[in-house]
Each structure stands twice: as C-alpha cells, then as structure tokens.
Amino acid sequence: MRKNERQELPTTGDKGQAEAAASGETKQTPEARDQGIVRTSIIGIIGNLFLVVFKGAIGLASNSIAILLDAVNNLTDALSSVITIVGARAAAKEPDREHPLGHGRIEYLSALLVAALVLYAGLSSLVESVKKMLHPETPQYSAVGLVIIAVAVLVKVLMGQYVKHRGKQLNSDALVASGSDASFDALLSASVLASALIFLRTGISLEAYVGTLISVMIVRSGYGMVCDTLDEILGKRPDTELVREIRALIMEEQVVIGAYDLFITDYGPERRYGVVHLELPDTMTVEEVDALTRRIQKRVKEETGIRISTIGVYAHNTKNPAAAEMRHTVEHIALSHAWILQIHGFYAEPAKKYMRFDAVVDFTKSRADAVDALRCEIEAAYPGYRVDITPDADVSDLSS
C-alpha cells in the first residue's frame, strides 16, 4: 500500500530552523516583507537606469546595435522592478468585503505584465537585429566605452547576487527571478564586450549576431516568466518538499494513522491555505479530534506559513478485526491497476455488508471509468456488498 501506513520521516522543527538560518531566511511580518521587496527593487531600478544611460550613450556613439539592445534589456529590467513595486503595494492591501482573502494574487498579475513587457522588448529587439544582419553597419568603439561595458558586467554580477540573496530572505519569487535574470544579463553584456574586442582585433563584426542572441535570450526569458506566472494563477501541484514537510509535522501526532488529499490554494505569497484529510481511530471523541486539529493547524502555520483551514476526518476500523483483512484484499485489487495510485479512508461494516473508501486515480484514466471497473471487481470478491468509492485526483505527493 502507498502511504497508508506511518512512515518514519525527518522532523522539521530544529532542522528546519537550522536550514532557514543557514540560507538567511527569517520569520517576518508581511509588512516587513513588502518593505524589503520595495527597497531591493528600488536599488535594482537605480542600478539599471545608470546602465541604460551609459550603455545607450556608448551604443549611439559607436553605432553598435548589440550595445543598444543591451541597454534596452536593462531598461526592461528597470520597468519590471517598477511594476514589481506597484504590484507588491497593491497586493499588501488589507482584505475587504469583496476580497476576504486579501489581494495577494495581484503580485502574479503584475508578474504577468512584466513578462509581457519582456516579450515585447525581446521581439522588437529581434526585428532590429535581423535588419542589421541584412544591412550591416560598421561600429566605432572607443577605449572608454569598452571600459564602461566591462564595469557594467561587474555591476550586473554584483546586483544579481544581491537581489537573488534578498529574494531568498524575503521569500519573493519575483526577486529571485530578477536576480537570476541580472546574472544572465551580465553574461550577455560580456558577450557584447567580447564581440567588440574581436572586431578591434580581426575586423570581423559580430554585432548583429550578438544582438540576435541577446534578443532570443530576452524572448526566452519572457516566455519562461509567462509560463511560471500562469502556473501560479491556474494552480499547480504543491512543492514536493513542502508537502513532505507538512506530512511529517502531521504524522508526529501519534494518534494520526495517515494524512491524505492535501490541497494548497495560493492567494499570493505568504497567503496560502491548505486542506487535508486525516485517518484517525474510530474510538476518538469529538473533543479529542477538535484538540488534535487545532494543534496541527497551529504547528503547520508556525513551521511552514501554510494555514490549514480545513481538516477532514476518515474513521479507521479498530473494533472489527475482519475489516483489516477486507482492507488488505481491497488494496491488493485496487493497486494491481497502474491507474490507481492509492486508496485511503477505508471503512467497512461487515454486519451491514457495506464498505467505503477513496481511490486516487491517475490522470491517464477517467475517474468515472476507474470507479466503475474497480467497483465491479470488488463486488465480485465480496458478493452482496454495497461498495461506495469516492474518486480523488492526484493533487499532491501525498497521493502518489
């Protein structure tokens, strides 16, 4: 059986705190996080605008399409930072009657706008580069210009490392992506510098080709940003490590037999809500279940930042030994099919000839067809039984 039995998984208490300390991540209020994102973005804007001015001037003076496109790339970075600030400010608005879970998803919409801007800049740059390939012009480089480009490469490297580090500290995917993009921009600027040096030494102009390379990389970056942002908006499978961490925290409660069906709904960074089902002994009282679920909600929120808003309960047979044997047989029948990933929530009442359970169905199989086929096989193994099967989707790694 898959994940239906308790597993010895590493705890996340001291270990998680040690890892967070090692990576520089700290617990912080949403207000402090938003302020940190704004300050880091402003530094990025100032740095990129300086690069735009210097590279633009050098590009015009030297008639270099590659340098001009590198300046355009820095300009899109600055505009992206502006949009990031506006998005962070709007997302920080307090919940209201129309938006009771806050405005956090505005950050994703602003990220989508940034991606569209990057794509437009990349495609426009690509058109200009192709024109230069068809109608080449001889560049005129100066020693001062080449020194400025070399300094710009160093500035971009340092800026990329700083912004990425701050992004990890602030748990901001936008800043981490911006930092990575800055590091990649440094590589592109270095290629511009290399093409200039090659021209001065050999007389061979690679301007248009380097510009085309930069344009393609900008388009590729924009496309990746669009895909990542759409994944966040549409709702994607929870991160595997996060799922394992939450399950480990839940399974530290000795009374919990299994944890299943973990849903995480994202309403923006630092605004994620979860739903999970627990399998508990059928001897527990409502008072005991209430105390247990509140402990789990508090622990998961403190350790992961996820608010477990709902905890469902499956009853586990403890009073009827025959039910355990039935469960084993049903599991064997179900898991003999590749499209059944797991069954859980099994409960049987032999005296009433009744059983129920949930079956996690792979996306390659229709859930309705899977349930019909599985019910027929189980009813053949247990004639006269009423079999109630609830199909579940493979929504997280708790279910696979």
For the chain, built as a Gaussian network whose Cα springs stay under 10 Å, the top-fluctuating residue of Asp34, Asp77, Asp96: Asp96
Gaussian network model of the chain, springs between alpha carbon atoms under 10 Å - residue of Ala381, Ala196, Ala348 with greatest fluctuation: Ala381
What is the distance, in nm, between label points placed 7 Å from the Cα along the Cα-to-Cβ direction at Glu137 and at Ala315? 8.1
Heavy atoms of Cys376 accessible to a 1.4 Å probe, total area in Å² rounded to 10: 90
HN-Hα J in Hz across segment 329-337 - Karplus 6.51, -1.76, 1.60, θ = phi - 60°, x for Gly and Pro: 5, 5, 4, 4, 5, 5, 7, 6, 9
Given only helices, namely DSSP H runs of n ≥ 4 each adding -39500 (n - 2.57), what is the per-residue ellipticity at 222 nm of the chain, to the nearest 500 deg cm²/dmol? -21500 deg cm²/dmol
With a 1.4 Å probe and all protein chains left in place, how much of the accessible area of segment 179-250 comes from carbon and sulfur atoms, in whole percent? 63
What pairs in Lys55/Lys168; Lys319/Lys352; Lys55/Lys131; Lys55/Lys132; Lys319/Lys353; Lys236/Lys298 have C-alpha atoms more than 23 Å from each other? Lys55/Lys168; Lys236/Lys298
Segment 330-363 versus segment 52-84: alpha-carbon centroid distance in Å: 61
Residue-wise HN-Hα coupling along segment 65-71, computed from phi with Karplus coefficients 6.51, -1.76, 1.60 (Hz; x: Gly, Pro): 5, 5, 5, 4, 5, 5, 5
Built amide H within the under 5 Å cut-off of Gly258, gap 5+: Glu279
Name the residues whose placed amide hydrogens come within less than 5 Å of the amide hydrogen of Val313, ignoring near sequence neighbours (fewer than 5 apart) on the same chain. Leu278
GNM on the chain, C-alpha springs below 10 Å: top fluctuator among Arg272, Arg356, Arg307? Arg356
Can you work out the accessible area per residue across the chain, with the rest of the protein chains kept in place, probe 1.4 Å, in square angstrom? 51
For the chain, calculate the relative contact order in percent as a whole number, restricting contacts to Cα pairs under 8 Å that are 6 or more residues apart. 17
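The values are calculated or read from the model by the stated rules, or taken from the named source; none is laboratory data. Worth saying up front: this structure is predicted, and the values here are computed from it rather than measured. Heads up, the Cβs are rebuilt from the backbone with ideal geometry, glycines too, and the neighbour counts pull from every protein chain shown. Heads up: the accessible areas ignore ligands, DNA and RNA and are worked out on the full protein's heavy atoms, side chains in. Shrake-Rupley method; radii C 1.70, N 1.55, O 1.52, S 1.80 Å.
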